[in-house]
Each structure stands twice: as C-alpha cells, then as structure tokens.
C-alpha cells in the first residue's frame, strides 16, 4: 500500500449532465508502464487530464505521493504530459522547445544545454537543436514532445494517444522506443490509447475502461486470456462470444452442445457468456471433434488463415495456419483450458470492477 | 490573343476609373499655378507652404497621435475581447460576434451623432456635480477606439481559431503560469492577427472624418476635419498637397497590412 504513487479516489466527472467518470477508484505504482485502454468516450482521456491538472473532478480526490493535489494547477504538478497533437511551440526551435520548462524553473544555461543534449540523444534526434518543429516529420515531432516533457524529470509521464497520428510501421517502431525510454528513465508512464495491440505490446498493466467504469485491471496476458466480461473479451483481440449455460462445474452448454471446460463455482444451470479465442478453435475431420460444421468464409491474413465455420447455427471465427476451403465439412474442437466462462453483466452498463494493480 | 487584349483593356479601365481622381489630385498638388484649370509648371511650393502652417502641422500631430493611441488601445482591448469571445460557448459566441459587428456596419454618421449626443449628455450630467466637461481630443480618442475595436476582434479571431489549444496546456504543463503561457506561447502565435488589427485600426483612424467631425468639439482638429473647414473658406492648393500626403500614408500602411498576412500564408504553405 505504501508504494502507491498516485491514488484516484471516488472520481466523478460530469460534462453537460453526462457522467463521463462515475466513482472511479484506481491507483498507480511507481516505475510501471500503465495503459488506460478503451473506446472513445470511455473516460480514459478525462482520467489523464484529471491527473495532469487540466480538469478538476466534480467529486473525489487525487492523491500524489501522499499529498492531495486535486486542486493543484498543472504548472505546480511534478507530472508532465505528451499531448496527442504534439503541441510543440511552433515559433520556437527544437532547443527552445525543450528548454522551455527548464528556463521557467530558472535552471542555469550550462545545465539546460546539457539536458537538451541528453534528451535529444534519448529520443535519437541529436543535432536537431536548431530545426523548427514544422520541418520535422510527425514521428520526429512526437519524439521532441517526449524530450520536452522528460527534461523536467517528472515522476510520471502522461501520454495521450501519442502514436495516434503515425503510420503503422512508425507506430510499431515507436512502441519499442517508448519501452526503452521508460526503462532508461525509470519513471512511471501512464499511457492512454484505444489501440488494443499498442496496449498489449507496451504495458505492464492495462486498465480497460468503458462508459466511465473500469472493466478490468491486469497484465496484458491476464486481460487477453482471462477477460472478466464480454466487453473486455470483445475489445481485446478477436473473439467468439456465445451465450451459454453452465450446467455444472466444468461443463458448459453452448447451443445445446456440451463442452468440457475447467471453470468451477458458477452454480447449476446458470446463464453465462462463453469466450473462445479464434486461434483456440481447432478444426478437424467431421465427427472427430465436439461439433460438426461447414466452412462459410475464408481469407488469407498473412501469418494465418481466417475462416468462418457455421456450426450449431452460429458463425465461429477460426484462425489457423492450415487452410480449409469454403464448403468443406469440418469438426470443431476446443481445449477445455481455452474456454473462458464469464458471468453475464448485471445491466447494460457493466458493473465497475475494482481490482488491485 | 484578342481576348487577352480585351481583358487587359478592361483592367486598365477599372484602374483608370479608380485612380483618376486621386491621380488628378496628386498632379495638381505639384502645379505652380493657383487655379486648377491651368498648368503653371512643376513646383513644390504648396508642400513648402503646407509645412510652414502651424494649424496644419498641429492637425497632423493630432491625427498621428490619435491614430497611434487609438490603435494601441483598440488592439489591447480588442485582443482581450477576442480571447474572451473565443472561449465562450457557441451560442454566446455568435451573439457576441454580432454585437461586435454592428458598430462596423452601422452608418458612420449615426455613430458620430450618437457619440456627440452621449458626450453632451455626459457633460450635462457632470455639470450638475460642478465638473466641467468639454469635447476635445479625449472624446475623439474614445470615439476612434470604439470604431477600431471590431476590426481588431475580427482580425485576431481567425488566428485564435487556428491556435492549437494544447500548446497553451503544454506550457502550463511545463511549469508556466497562466500569464507566462499567454505571453510566451499564445501571443506570439496570434501575433500576425494582432499586428494586422493594429495596422487596420491605425489606417481607419487616419482616415476618419465623420465621427471625428461630430465629437471633436472646438479644439481638436485632425487633418480631415481641417481640410473640410478650409475647403469651406475656398479651395487652397495646400490642401491638395495635404491630401496627397494623407493618401500616400494610408497607401503605405495598407500595403503593410496586405503584405504581412501574405507572408504568413507563404509560411503555412511551406509546411
């Protein structure tokens, strides 16, 4: 408990009568890469802006290092933000941009020059001191925005979808860069994105949000392999989500077909959601699996083939390196370990879940 | 080929009609003869006489001082107003912008008479308390600031709309106070708009006759009101010279106004 760096307590934020965040409780530990992940409008950016000091919550408190900073303006916080649209100062050159925060805090010229050198080296842009921001590419501008933030030695770096405007190749490169920078600096990164792949690649911990509630907190592996509800399963990666009935422990019924599974403790004949990842569906000769079906679609995705199999009157999404042509009769088999059972959500707005990070 | 010549001829005609009166004025200002009917040879004597006249020089001083002061005040007030309006919600914003636009569209003579009546009423009101109030340089300055305000707001607003607001937030984030963030980040970014507002105000003030005429009272003559009252006594060629100088002054300022945004557009295209 003592190493909580930031603690958000009962945060509620209302815009025009609409609750963007509803009693949000979340804490962040030191030296971690944390990602707030969710669709647009889920409250992730608002959470980040509350951390940065650009928004004040309507209810609740923000505790930073044991201190209440809820009403502290952004310029008094030891956090720095990297903005979505870079927000470099267009009338200043790169060195002046990076020096901005240091000059304001009254650092000596020698110190500032040293820091600029170090920061440019860290983001792999040495020698760019005299360039103007608009002569740089999007990826380079983003690196400068990061350099400008980290020279102030913040305890936490907040990143608001910083890779959103970059193309795929550059985005993947920057993901590795960000992990490297985080390890080199040894500070906490809080990262906001709607891109689940980005979140899975970089994070130590992912916080999945929807409609102002936290849906699940966990490591990338946990979130991917053990989604707690249908929203998380659907948002992270591709998945088959079927309504099912938990007949008894370790037995689930999906569309009148009995599948063995490993989950226990759901009770008898309880309606549940069943998640099966497309890569966990194994296809075989008809009659050899749990249920038979027919391949209805098939596309080539590079690493694997993606197929849709009609079985039990439902479409099953299947990913496999082995190709099965459309019209082929196949059987479906799923390893009991790969069947994920989830409680049905109580209402349309999934309940908030608060778990330890 | 013929089409091209027709186009050129048409353009020539337009420019001729636009500038013929001013051209005549400029030519006559160098005329050695007193009458405008006869060309008596080239001479600068009207310019010489112009700069020997104390009343004219006083009016010139008034005009320039007025233009400078009213432009400075209008630029500061207008820029602040534009920032406030920019941060309003949409509906309020459009209401405020219409309010700002009305004085600009209003007939100048109406504004002039309205100002005169206002100042007379204020004077009457103050005389009850035994305070003496007279129209003069101060009232003209107030009048000029008022009609300059909309031009400043209108030239600053588009720059504000282009501004990336997260630049301001980034400045706060890096430790700047709100004032520092404004002066070091926001103001340099909207500077082209502020400058062209200033230059527009300056020319509008140089140019104004109607409003000045109504609120100047007895003392404070500007060049335009001076020319008007001199002309009533009879046409003197000094006035041609004076008008020529005024035209050239306005022309130069307008050139500056038009060149500065173009330079900025070029920078943007460079991106």
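Some points to look at:
- Selected residue (only one of A:259, A:231, A:266 is assigned to a strand (DSSP E or B) and either surrounded by fewer than 16 Cβ atoms within 10 Å (Cβ to Cβ) or modelled with pLDDT under 90 (or both)): A:259
- Put simply, of B:152, B:194 the only residue that is away from every other protein chain (no Cβ under 14 Å) and within 16 Å of the chain's Cα centre (by Cα) is B:152.
- On the stretch given as region A:76-91, residues that are facing chain B (nearest Cβ under 7 Å) and either in a loop (DSSP other than H, G, I, E, B) or free of Cβ contacts under 8 Å to residues at least 12 places away in the same chain (or both) total 6.
- For residue A:309, the stated conditions hold: it is within 31 Å of the chain's Cα centre (by Cα) and crowded, with 17+ Cβ neighbours inside 10 Å.
- Some residue of region A:168-190 being at pLDDT 90 or above and within 14 Å of chain B (Cβ to nearest Cβ): yes
- Residue match in region A:55-66 (condition: more than 30 Å from residue A:129 (Cα to Cα) and within 14 Å of chain B (Cβ to nearest Cβ)): yes
- Restricting region A:27-58 to residues that are touching a helix residue (DSSP H, G or I) at 6+ places or on another chain (Cβ under 6 Å) and in a strand (DSSP E or B), the residue that is farthest from residue A:72 (Cα to Cα): A:37
- Members of region B:67-96 that are in contact (Cβ under 8 Å) with a residue 60 or more places away in the chain and either over 21 Å from the mean Cα position of the chain (by Cα) or over 23 Å from residue B:221 (Cα atoms) (or both): B:75, B:77, B:78, B:79, B:81, B:82, B:83, B:85, B:86
- Going through (1) out of contact with any strand residue (DSSP E or B) (no Cβ under 7 Å at 6 or more places or on another chain); (2) surrounded by 15 or more Cβ atoms within 10 Å (Cβ to Cβ) one by one, residue A:109 falls short only on (2).
- Filter result for residue B:202 (free of Cβ contacts under 8 Å to residues at least 24 places away in the same chain, in contact with a helix residue (DSSP H, G or I) (Cβ under 7 Å, 6 or more places away or on another chain) and within 30 Å of residue B:79 (Cα to Cα)): no
- Verdict on residue A:96 being within 11 Å of chain B (Cβ to nearest Cβ) and part of a helix (DSSP H, G or I): yes
- Counting only helices (runs of 4 or more DSSP H) that fall entirely inside region A:120-221 and contain at least 1 residues that are over 19 Å from the mean Cα position of the chain (by Cα), the qualifying elements are A:138-150, A:168-185.
- Any hit, region B:90-113, residues being surrounded by fewer than 16 Cβ atoms within 10 Å (Cβ to Cβ), within 30 Å of residue A:155 (Cα to Cα) and within 14 Å of chain A (Cβ to nearest Cβ): no
- Any chance residue B:165 is at pLDDT below 90, within 14 Å of chain A (Cβ to nearest Cβ) and out of contact with any helix residue (DSSP H, G or I) (no Cβ under 7 Å at 6 or more places or on another chain): yes
- Answer from A:101, A:106 - the residue that is in a helix (DSSP H, G or I), within 11 Å of chain B (Cβ to nearest Cβ) and either in contact with a helix residue (DSSP H, G or I) (Cβ under 6 Å, 6 or more places away or on another chain) or within 18 Å of residue B:177 (Cβ to Cβ) (or both): A:101
- Residue in region A:317-328 that is surrounded by 19 or more Cβ atoms within 10 Å (Cβ to Cβ) and more than 27 Å from the chain's Cα centre (by Cα) present: no
- Among the residues of this structure, residue B:176 does not count as one that is surrounded by 12 or more Cβ atoms within 10 Å (Cβ to Cβ), within 14 Å of chain A (Cβ to nearest Cβ) and touching a strand residue (DSSP E or B) at 6+ places or on another chain (Cβ under 8 Å).
- Any hit, region A:109-118, residues being more than 11 Å from residue A:88 (Cβ to Cβ) and outside any helix (DSSP H, G or I): no
- Residue count for region A:53-70 under the criterion of being out of contact with any strand residue (DSSP E or B) (no Cβ under 8 Å at 6 or more places or on another chain) and modelled with pLDDT under 90: the result is 2.
The values are calculated or read from the model by the stated rules, or taken from the named source; none is laboratory data. Treat the numbers as computed from the prediction; the structure is a model and nothing was measured. Every residue, glycine as well, gets a Cβ built from its backbone with ideal geometry; the counts of neighbours run over all protein chains shown.
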